[in-house]
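Following: one structure in structure tokens, then a few remarks.
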Amino acid sequence: MDHLRRHVGRCSSALLPVVRRLVTTASWWDTVDPLAVHVVGALVAADPGLGAETDAWIADDDPWVARTALLHQLAHKDRTDADRLFRHCLRRSGDPDFFVRKAIGWALREYARTDPDAVRAFLAREGDRFAPLTVREALKNIGA
């Protein structure tokens, strides 16, 4: 994982299926999250066409694959595709998995550092679809 993170700039979009396999092998947040943010995120930033893959991943039955789709833009700041982020959050809004619900809140909280008004407006419109934990996480640094 650390090797991939260090050398992701030399990798092509063909690495994405390999990363997906890693995400689904002995999955836990401490391996999935760095792969999502630093490897998948970097691959999508370098090849925006890969965003369509994350659109498929968000619907995956494996919650770790869905978590990866939710978190892959975490470090993108003003380059975040907000429409995709919000669509992904809505797609998994009723998810029973704690780690997916937490990832939604984390992704929204991180994007709120860049565009707090967009996150507030999104939650004002759609907040009742999310678990209280998710909303609390999303608003942690910006308030309601």
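Normalised radius of gyration (Cα atoms, divided by 2.2 N^0.38 Å) for the stretch 1-86: 0.96. Which FRET efficiency value, to the nearest 0.05, do you get for ASN141 and ASP2 by plugging their Cβ-Cβ distance into 1/(1 + (r/R0)^6) with R0 = 30 Å? The formula returns an efficiency of 0.60 here. For the pair GLU126 and ALA59, the difference between a 0.36 nm per residue extended length and the Cα-Cα distance amounts to 22.2 nm. The solvent-accessible area of THR31, taken with every protein chain present and a 1.4 Å probe, is close to 50 Å².
For the chain, with every protein chain kept in place, what is the accessible area per residue (1.4 Å probe, Å²)? Intermediate values should be presented prior to the final figure.
On the way: 7280 Å² over 144 residues.
On a per-residue basis, 51 Å².
Rounded to the nearest percent, how much of the accessible area of the chain (1.4 Å probe, protein heavy atoms only) is carbon and sulfur? Let's see the in-between values first.
Details: 3810 of 7280 Å².
Summing carbon and sulfur atoms, their accessible area is 52 percent of the total for the chain.
The tail of the calculated P(r) for the chain beyond 26 Å holds 18 percent of all Cα-Cα pairs.
The values are calculated or read from the model by the stated rules, or taken from the named source; none is laboratory data. Just so it is clear, the structure is predicted and the values come from calculations on it, not from any experiment. Virtual Cβ from ideal backbone geometry, glycine too; neighbours counted across all protein chains shown. Remember, those area values only see protein heavy atoms, side chains included, never the ligands or the DNA or RNA. Shrake-Rupley method; radii C 1.70, N 1.55, O 1.52, S 1.80 Å.
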